[in-house]
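As structure tokens, the structure follows; a few thoughts come after it.
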Amino acid sequence: MRRRAALGLLAVLLLGVGSPAAARDLAQGDVFVSGEGGYHTYRIPSVIATPSGALLAFAEARKGGAGDAGDIDLVSRRSEDDGRTWGPVTLVGDNGPNTFGNPCPVVDRDTGTIWLLTTHNRGTDHERDILAGTSAGTRTVWVLKSLDDGRTWSRPEEITASAKRPEWTWYATGPGVGIQLRSGRLLIPANHAVAGTQAHRSHVLYSDDHGATWRIGGISVDGTNESQAVELADGRVMLNMRNHPPKAPNRRLVAVSTDGGLTLAPPRGDEALPEPPAQASVLRYSTSASGGRNRLLFTNPSGRGRERMTIRMSEDEGETWPIWRVLHEGPAAYSCLAVLRDGTIGVLYERGQRGAYERITFARLDLAWLTQGRDR
């Protein structure tokens, strides 16, 4: 009897706060595997649910190596069964020997159009050269759209003139996804660096005409970078930002907008969200399947470096994050959240055994599995 009780206690401990899953309510499968399809490495995951409920997974397909520069294509896979299986890898964008990357899609629920914002640069230009102003070219901003639920895409259209200021050097859309506010405004999180200073800042792009034109919205302070946005229950917009270059205490930075992203308040560090540093994802999870409650989800690596991919949930609009579990204990980096049509939570993220960029995996989990982890 004592042995049985001890085994029961051990089981409880193994499923305790933030423990990795051995539960039936978590399923994981690879979507992009580095080395396959003629590409050295797949990076920068993005996933979004289409108007029909299908899933589109995007990634940078890097031909020559794992680095951020070079011949990089934009590819996608589609799932019609909530991420259980995926269709073939399809080429969304190819800029020849140059870089076509940083996918950041957003769905316009009013028109059904899926907009995909991306950035381009010469394959020979590295980030350090663009920052220093010694590169042959610079980063440019482009947009594509799909009118058929993500099956096909328009030709890319350049929007650099309206999306990037002349004094900005480095530039990136996302990575991750954009959102549509209750007002109908489309909002894309982005970041840039300022010439002569190498200061990095988060900012947002927005469209009030269903994607016909894009404008620069709120700009955060120096030391912010890759970001994701979420609309709070009271209508404010919260921008969750990478701390870059990292400075102690290395925590995620959070800024709030009261005017739909046109301006941003000074950011605060969120002590509950460690920064390895890396990109992170945040998304609203307020569905009938979630009990109709206002909840936010957040994912990023929670280790000292890019490792230990963790999902967290807040039930007070991001004030606290007491519920959390680990998806992968080993190397892990960028991630992107999605809410599936049945209320299941999806996470597309980079992971591996020896390095974080070996594969891009899709995890499916339900609320019951997630809420087994809670701060005590």
Check: Checking PRO331 against (1) surrounded by fewer than 23 Cβ atoms within 10 Å (Cβ to Cβ); (2) assigned to a loop (DSSP other than H, G, I, E, B), which test does it fail?
Finding: (2)
Next item on the list: Looking only at region 165-184, count how many residues are touching a residue at least 40 places away in the same chain (Cβ under 8 Å) and surrounded by 18 or more Cβ atoms within 10 Å (Cβ to Cβ).
Entry: 11
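Each row is one residue, and each column tells you yes or no for (1) closer than 16 Å to TYR42 by Cβ; (2) touching a residue at least 24 places away in the same chain (Cβ under 8 Å).
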| site | (1), (2) |
| --- | --- |
| VAL75 | yes, yes |
| THR90 | yes, no |
| PHE100 | yes, yes |
| PRO105 | no, yes |
| ILE114 | no, yes |
| LEU117 | no, yes |
| THR134 | no, no |
| THR138 | no, yes |
Notebook entry, point to check: What residue, among those in region 313-327 that are assigned to a strand (DSSP E or B) and in contact (Cβ under 8 Å) with a residue 60 or more places away in the chain, is surrounded by the most Cβ atoms within 10 Å (Cβ to Cβ)?
Noted result: ARG325
Checklist line | Failed criterion for THR197 (all others in (1) more than 21 Å from the chain's Cα centre (by Cα); (2) at pLDDT 95 or above; (3) under 17 Å from TRP168 (Cβ atoms); (4) hydroxyl-bearing (Ser, Thr, Tyr) hold) | finding: (2)
Item checked: Cβ-Cβ under 9 Å pairs, at least 6 apart or on other chains, region 209-229 side free of Cβ contacts under 8 Å to residues at least 24 places away in the same chain, far side outside any strand (DSSP E or B) -> none
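Restricting to strands (runs of 3 or more DSSP E) lying wholly in region 195-240: which have 1 or more residues that are polar (S, T, N, Q)? Steps first, please.
Numbers: elements: 199-207, 215-219, 224-231.
In region 195-240, the matching strands (runs of 3 or more DSSP E) lie at 199-207, 224-231.
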Notebook entry, point to check: Which of (1) in a loop (DSSP other than H, G, I, E, B); (2) among the basic types (Lys, Arg); (3) more than 29 Å from GLY235 (Cβ to Cβ); (4) in contact (Cβ under 8 Å) with a residue 40 or more places away in the chain is the odd one out, the single condition ARG341 does not satisfy?
Noted result: (3)
Notebook entry, point to check: Within region 146-161, how many residues are exposed (fewer than 13 other Cβ atoms within 10 Å of the Cβ) and part of a helix (DSSP H, G or I)?
Noted result: 1
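The values are calculated or read from the model by the stated rules, or taken from the named source; none is laboratory data. As the structure is a prediction and not an experimental result, all values here were calculated from the model. Cβ: placed from backbone, ideal geometry, glycine included. Neighbour counts: every protein chain shown.
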